[in-house]
Amino acid sequence: MTKKIALVTGAGTGIGRAAAIVLGKEGWSVVLTGRTNETLEQTASYIKNSSTTIILSDIRDPESVERLFNEITTLHGRLDFLFNNAGINVKSAPIEEFPLSDWENVIDTNLNGAFLCLKQAFKIMKKQHPIGGRIINNGSISAQTPRPFSVAYNASKHAISGLTKSAALEGRKYNICCGQIDIGNAESDMTQKMTRGILQADGSLQKEPTIEVAHVGNAIAYLANLPLDVNIPFFTIMANQMPFIGRG
């Protein structure tokens, strides 16, 4: 093989874009997926790699996810790396006021969508030659320690940790490595409010530092390039001065 094949979900913005850019520059053939063609085209323009492919998909839809992976198999014949990145958050609210529709939207995207992609990746990686591959799930600092009034996001990300452990266990026999990256305050649309002040567990509002999202992209590429006899089950990257260690 001259190139390895990577799939990045939620590749149109933020962390997904940063990861796709670094993977493309390091010689991977990158499949970009998401729901908006315009943002995916923008990501592709930063890579300038003729092996970059855009496939629109909605990870909440099982049929859409199956079509995505079938197209990857048709185009490339294999999949070496999945960055299971796509996710959303919603407006903060106390548990007793949290709308069921918001709960369902977050769980459907962050957890069910990640499971659907992981499921299809396993199908390909078990059958291809050489066998195996790597999957990195985007957890979050919130997979370890929650923020207040974010019950759906916190629950979805804690569940991702269970998904990661299950996949790591089941993947061993097939040379499939599954790990998780927990990211704290990488610059994105979701973290803009942190620089203005965000609610803390003690009820105060505090500005929190962020880090350039390119550092996260480099970390994901590092994980992607590890040989398959090595796994890092959980990898945390965060703004050093953010109130995480000892939060609360």
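Every read-out reported here was derived from the displayed coordinates using simple, explicitly stated rules and does not represent laboratory data. It should be emphasised that the depicted structure is a prediction, and the values quoted were computed from it without experimental measurement. Positions of Cβ are backbone-derived with ideal geometry, glycine not excepted, and every protein chain shown enters the neighbour counts.
Round to a whole angstrom and tell me the spacing of the C-alpha centers of segment 212-245 and segment 113-135.
When both Cα centres are located, 21 Å separates them.
At q = 0.18, 0.30 Å⁻¹, what is the log10 ratio I(q)/I(0) for segment 27-82, with the Debye formula run over Cα points and no solvent?
-0.61, -1.29
Student exercise: in segment 133-225, how many lysine pairs 8 or more apart or on different chains have Cα atoms under 25 Å apart?
5
Which of W103, W28 comes first, and how do the rest follow, when ranked by fewest Cβ neighbours within 10 Å?
W103, W28
Relative to the first principal axis of the alpha-carbon coordinates of the chain, what is the inclination of helix 14-25, with its axis defined by its Cα atoms, in degrees from 0 to 90 and to the nearest 10?
Rounded to the nearest ten degrees, it is 30.
With springs only between Cα atoms under 10 Å apart, run a GNM on the chain and tell me which of T36, T74, T145 wobbles the most.
T74
Would you list M238, M125 from fewest to most Cβ contacts within 10 Å? Before the final figure, lay out each step's value.
Values: M238 18, M125 23.
Placing the least packed residue first, the sequence is M238, M125.
Evaluate the relative contact order of segment 1-106 (contact order divided by residue number), counting alpha-carbon pairs under 8 angstrom at least 6 apart; express in whole percent.
About 29 percent, as a whole number.
Using only Cα atoms, tell me the angle between helix 151-171 and the longest principal axis of the chain; keep it within 0 to 90° and round to the nearest 10.
30 degrees
Work out how much length E97 to H158 would gain on full extension: take 0.36 nm times their residue separation and subtract the Cα-Cα distance, in nm to one decimal.
19.9 nm
Kirkwood hydrodynamic radius for the chain: how many Å is it when counted over pairs of different Cα atoms?
Taking every pair of different Cα atoms in the chain, averaging 1/r and inverting gives 18.2 Å.
Among the DSSP beta bridges whose two residues both lie in segment 5-238, what percent are antiparallel, rounded to the nearest 5? Working shown, then result.
Details: 2 of 30 bridges.
Given both bridge residues lie in segment 5-238, the antiparallel proportion sits at roughly 5 percent.
Restrict the search to segment 1-39; then list the trypsin sites (Lys or Arg not before Pro) that DSSP places in a loop and that have at most 14 other Cβ atoms within 10 Å of their Cβ.
On the way: sites: K3, K4, R17, K25, R35; in loops: K3, K4, R35.
Filter output for segment 1-39: K3.
Compute a Gaussian network model of the chain, connecting alpha carbons closer than 10 Å, and tell me which residue from L199, L116, L40 fluctuates the most.
So, out of L199, L116, L40, the one fluctuating most is L199.
Take every Cα pair under 8 Å in the chain that's 6+ residues apart, average their separations, divide by the length, and report that relative contact order as a whole percent.
18 percent
Tell me what the chain gives for mean residue ellipticity at 222 nm when only DSSP H runs of n ≥ 4 count, each as -39,500 (n - 2.57), the sum divided by the residue total, rounded to 500 deg cm²/dmol.
Mean residue ellipticity at 222 nm (helix-derived): -12000 deg cm²/dmol.
With a 10 Å cut-off between alpha carbons and a GNM built on the chain, which of I237, I211, I95 moves the most?
I95
Computed over the Cα atoms of segment 1-115, what is the ratio Rg over Rh, Rh following Kirkwood?
Reported Rg/Rh (Cα atoms, Kirkwood Rh): 1.04.
Can you give the FRET efficiency to the nearest 0.05 for K48 and Q200, using r as the Cβ-Cβ distance and R₀ = 45 Å?
The calculated FRET efficiency here is 0.60.
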